Amino acid sequence: MSILIQNIKELIGAETKPKLFLKGKEMSALKTIKNAWLLIENEKFSAFGKMTDKESLDRILKNNKLKLIDAGGKMVFPSFCDSHTHLVYVGSREIEYIDKIKGLSYEEIAKRGGGILNSALRLHKASEEELVETAVQRLKEIIAYGTGAVEIKSGYGLSTEDELKMLRVIKKLKGISPLTIKATFLGAHAVPAAYKGKQSEYVDLIINEMIPMVAAEELADFIDVFCDKGFFTEEETEKMLMAGMKYGLRAKIHANELDYSNGIQVGVKYNALSVDHLEYTGAREIACLLDSETMPTLLPGAAFFLGMPYAPVRKMIDSGLAVAMASDFNPGSSPSGNMQLILSMGCIKYRMLPEEAINAVTINSAYAMGVSEELGSIAIGKTANVFITKPIPSYEFMPYSYGSNKVETVILNGKII
Ligand code: NIG
Ligand code: FE
């Protein structure tokens, strides 16, 4: 089916010369067309223009198999790309949430067997079917909030069997969901209880058993390591990334959330696609990123939920860096996959301009999950993932009006959902 959306108040992220990502000052320029139309054919964007271009519109309207949508007063955005989530899990962790309110730190909760290990225990007991079912509900929810592509990590398995179980669940989700999904192997999310005091043996298990099996079943697109204080060291991270790369798994790592862990430097050294969190980013880290193809990715939901310091994003962009933003959707540090909220947090907490924040959750986050050639902006030939908003006064209203869902209609792969 072909779809023509007409009378679009403003078409956002429409690119005639699409770039794979935007950096520094480029991030504050958002390409838009006011009073626009957009044509979708064969799951792709095939043309767009201004409503005043009657000639083109008349030609298109001769095709009587067109589905017409009138978007008067509404805007069309490229769907959000959420490049960092852990949305396959069972159960919630509001007990720890109360502990946090009472003043315990993330690391203290983890040390008491809470945190990631708590979710690992529950995941161990859950069937693949239950995991698929609960994850599908979350996917439906994020679609309704405007997400069109999502990266999902393993990392609540922490044994060969359960890591494979999680990744098989993600593979199933790829088959049943209209979302574009990328899978990341995160065996090195935490040291499991069975390996307490034997961290190096667990690292060896990841390298010698898990990675080869994940690769043999082609279950992952990327490899991740939680390289931070109290979790995995720089040296361990290096070993695991090297092992992953041997099997064609590019790195996307958790870095510098709890301290200056050198995670950013290791990520850049191994040409990671992204380094994520980055609350502890100083001049050295910025200099290192400037010289790389690695996308610094910010997860303001986690800093917000944990009451932790925010990454120095203004300094990063003003230094010329690109940045992406993602939700980090997970039961422990960010139990929401609402990218509209992330957009608002980017503006409010990081002091990003609305244009910068919108670019960070579309084209730059598409790059951070390896899909910016086909997603992340509205360009001819790209996959037709967009949402139509409710009537809104301006695109700045999207981050401004935090907490309510401004998405009215979702189109993924050229089909109305
Ligand atoms: O990205 N930082 C490490 N991992 C997750 C938290 C996962 C959890 O607490 O369950 C994060 O915030
Ligand atoms: Fe995470």
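Within 13 Å, Cβ to Cβ, of Glu408, how many net charges do the neighbouring residues add up to if Lys/Arg are +1 and Asp/Glu are -1?
+3
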(request) Can you tell me the 0 to 90 degree angle between the C-alpha axis of helix 115-125 and the longest principal axis of the chain, rounded to 10? (result) 90 degrees
(message) Show me, for segment 259-275, the HN-Hα J-couplings you get by feeding each phi into the Karplus relation (A = 6.51, B = -1.76, C = 1.60, θ = phi - 60°), rounded to Hz, glycine and proline as x.
(response) 6, 6, 8, 6, x, 4, 5, 5, x, 5, 4, 9, 6, 4, 5, 8, 10
(request) Counting residues in segment 164-269 as N, plug N into 2.2 N^0.38 Å and put the Cα Rg over that result. (result) 1.07
(message) For segment 80-368, place one equal point scatterer on every Cα, skip the solvent, and apply the Debye formula. What is log10 of I(q)/I(0) at q = 0.14 Å⁻¹?
(response) -0.97
(message) Explain nothing, just compute: Karplus ³J(HN,Hα) = 6.51 cos²θ - 1.76 cosθ + 1.60, θ = phi - 60°, for every residue of segment 33-41 in order, whole Hz, x for Gly and Pro.
(response) 10, 7, 6, 10, 10, 9, 10, 10, 9
(request) Would you mind finding the longest exposed-site-free stretch of the chain, with exposed trypsin sites (Lys or Arg not before Pro) meaning DSSP loop and at most 10 other Cβ atoms within 10 Å? (result) 103-417
(request) Please tell me which of these pairs span more than 28 angstrom C-alpha to C-alpha: Lys140/Lys252; Lys153/Lys246; Lys50/Lys382; Lys171/Lys252; Lys269/Lys382? (result) Lys269/Lys382
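Could you tell me the ratio Rg/Rh of segment 351-417? Both radii from Cα atoms, Rh via Kirkwood.
The Rg/Rh ratio comes out at 0.98.
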(request) Tally the DSSP beta bridges in the chain and give the antiparallel ones as a percent, rounded to 5. (result) 40 percent
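Over 21 Å between Cα atoms, which of Lys67/Lys406; Lys23/Lys315; Lys198/Lys239; Lys172/Lys390; Lys19/Lys390; Lys102/Lys196 qualify?
Lys67/Lys406; Lys172/Lys390; Lys19/Lys390; Lys102/Lys196
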(message) Could you identify which residue out of Glu201, Glu15, Glu356 has the top mean-square fluctuation in a GNM of the chain using Cα springs shorter than 10 Å?
(response) Glu201
(request) Starting from the coordinates of the alpha-carbon atoms of segment 1-94, obtain the Kirkwood hydrodynamic radius over all distinct pairs and give the value in Å to one decimal. (result) 15.6 Å
(message) Looking at segment 1-141 only, what percent of DSSP beta bridges run antiparallel? Nearest 5 please.
(response) 65 percent
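If each DSSP helix of 4+ residues adds -39,500 (n - 2.57) and the sum is divided by the residues in the chain, what number results at 222 nm, nearest 500 deg cm²/dmol?
Dividing the helical sum by the residues of the chain leaves -10000 deg cm²/dmol.
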(message) Rounded to two decimal places and with Rh computed the Kirkwood way over Cα pairs, what is Rg over Rh for segment 216-368?
(response) 0.95
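No lab work stands behind these numbers, since they all come straight from the coordinates. Fair warning: this is a prediction, and the values are worked out from it, not measured in the lab. Glycine also receives a Cβ, built like all others from the backbone with ideal geometry; neighbour counts cover every protein chain displayed.
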